[in-house]
1. Pull up the DSSP beta bridges for the chain and report the antiparallel fraction as a percent, rounded to 5.
2. Put +1 on the Cβ of each Lys and Arg and -1 on the Cβ of each Asp and Glu in the chain; which of SER468, ALA12, SER426 then has its Cα farthest toward the positive end of the dipole?
3. Dipole size in debye (nearest 20) for region 334-469 around its Cα centre, Lys and Arg Cβ +1, Asp and Glu Cβ -1?
4. Where in region 287-369 are there GluC sites (Glu not before Pro) that are in a DSSP coil and have at most 12 other Cβ atoms within 10 angstrom of their Cβ?
5. Rounded to the nearest 20 debye, what is the charge dipole size of the chain about its Cα centre when +1 sits on each Lys and Arg Cβ and -1 on each Asp and Glu Cβ?
6. With N set to the number of residues, divide the alpha-carbon radius of gyration of region 353-474 by 2.2 N^0.38 Å and report two decimals.
7. What 222 nm value per residue comes from the helices of the chain, counting each DSSP H run with n ≥ 4 as -39,500 (n - 2.57) and dividing by all residues, nearest 500 deg cm²/dmol?
8. Any lysines with Cα under 22 Å of the LYS321 Cα? List them, leaving off those in the same chain fewer than 8 positions away.
Amino acid sequence: MGFRKDFLWGGAVAANQCEGGYREGGRGLANVDLVPHGPDRYPIATGNLRIDAEDGHYFPSHEGIDFYHHYKEDIALFGEMGFKTYRFSIAWTRIFPNGDEEQPNEAGLSFYEDVVKECRKNGIEPLVTLNHFDCPMHLVLEFGGWRDRRMIDYFMRMTEVVIKRFKGLVKYYLTFNEVNMILHMPFIAAGLCFEEGENRTQAMINCVHHELVASALTTKLAHEVDPDIMVGCMLAAGACYPETCKPEDYFKALCDDREGFMFIDVQSRGYYPPYALKWIEKRGAEVPFAEDDKDVLKKYTVDFISFSYYNTRVSSAEPSKGQASQGNIFGSVVNPYLESSEWGWQIDPLGLRSTMNVLYDRYEKPLFIVENGLGARDVIEEDGSIQDDYRINYLRSHIQAMKDAVDEDGVDLLGYTTWGCIDCISNGTGEMEKRYGFIYVDRDNEGKGTFKRMKKKSFDWYKKVIASNGEDLA
Ligand code: BG6
């Protein structure tokens, strides 16, 4: 048994967390360029504070890890590790700097064409996220981001150009990264800044509904351009455990899980399930359906389910139990049976197997794990090596769990891309020193460093894992 022969091993990053070159090649300003490192990051990311590009803040996305100038070297290193796939995202503002131009920006398109060709040269299948948290600032200021229906047309203008240009070169697309993130980081997820006194649920539902329609139209378009293209939705996943076997705790866990599922339910099944409509109604909001929306959502469902997995959560019906543990922005009651990362994300390999089973039972479509990994501080030893055994241990246990889900439970899994395969900026905190990579990048939290790349111990380990198609995890 084991993993399928064409299993897509690899790594993942996002444009705003690695590219840099934020005003090069005609690139326009995006929401993600205005999310700084430091205490203002959270209120800005959550749509509660807006700032301008000047004013003394440090914006890590502006230089990222300078992938814009290092991509050949980086992709060669991925090739050396034996990557079968590399997940990256398209910065919308490289293709349409303001979002509403009639013609695309050729410099941006040819940058991505080079990246795609460089991947192919190294035997790597590109896996392209069409939207990983970025939105042109011009559209944010003009329309309030995704709350406005016209965003669908502007987004489709970008995806059409990209999908047609890369016909025959790119087979796998994801539409919106972590589509449920709208409920947790609305400015990052949808360029949404709240207005005083508005119904926040309504604003978020407007945004996500427009994204869901755009996602369905993207699937339609991709299949028309090339029936071999496969389009996936993307969920920030991680099962919720009830804190106790008290029925109220179980029910709370079920409700918390559904808050995650409700939007990919639409992308995968083609309609808003009754519980989701009730969830929206109870908050005094409604889905802004236009005439053909239900039909479009129904017809153009995704081909596979992709997700990020970092941790599970614990739900309690008791509001005073608080949210003492953090994991990828989700608060949770602390799970006493699990250890935590330095950032308090609780480590749960079996939770990955459970999550895979829940998703496969629910949708009966192939799964793709497109993010998983350990954010940790790395130390360069005197001899220049980086002994990241903690990362190897984390990945080993998670790969074993996903193997069990495939071998023992019969889950159909297309591939696995670890998050931040090369160190990059943290989305949650804006730190550089929260590192996930097999490749170290000389850059610190204040933006100092040479951008020099160095292999960590995990580099050779992952290479061996890939070469043995997941059989050798030692
Ligand atoms: C996911 C995002 O939420 O988690 C990534 O898709 C992000 O963009 C990753 O980087 C890890 O989170 P963090 O906060 O450690 O960067």
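The values are calculated or read from the model by the stated rules, or taken from the named source; none is laboratory data. This structure is a prediction, so every number in the text was calculated from the model and none was measured. Methodologically, a virtual Cβ is constructed for each residue, glycine included, from the backbone with ideal geometry; neighbour enumeration extends over all protein chains shown. The protein model used for the area step is the full one, side chains on, heavy atoms only, and it has no ligands, DNA or RNA in it. Shrake-Rupley method; radii C 1.70, N 1.55, O 1.52, S 1.80 Å.
1. Around 25 percent antiparallel, to the nearest 5.
2. The Cα lying farthest towards the positive end belongs to SER468.
3. With Lys and Arg at +1 and Asp and Glu at -1, about 400 debye.
4. GLU291, GLU342, GLU364
5. 800 debye
6. Here the Cα radius of gyration is 1.18 times the empirical estimate.
7. Computed mean residue ellipticity for the chain: -12000 deg cm²/dmol.
8. LYS246, LYS252
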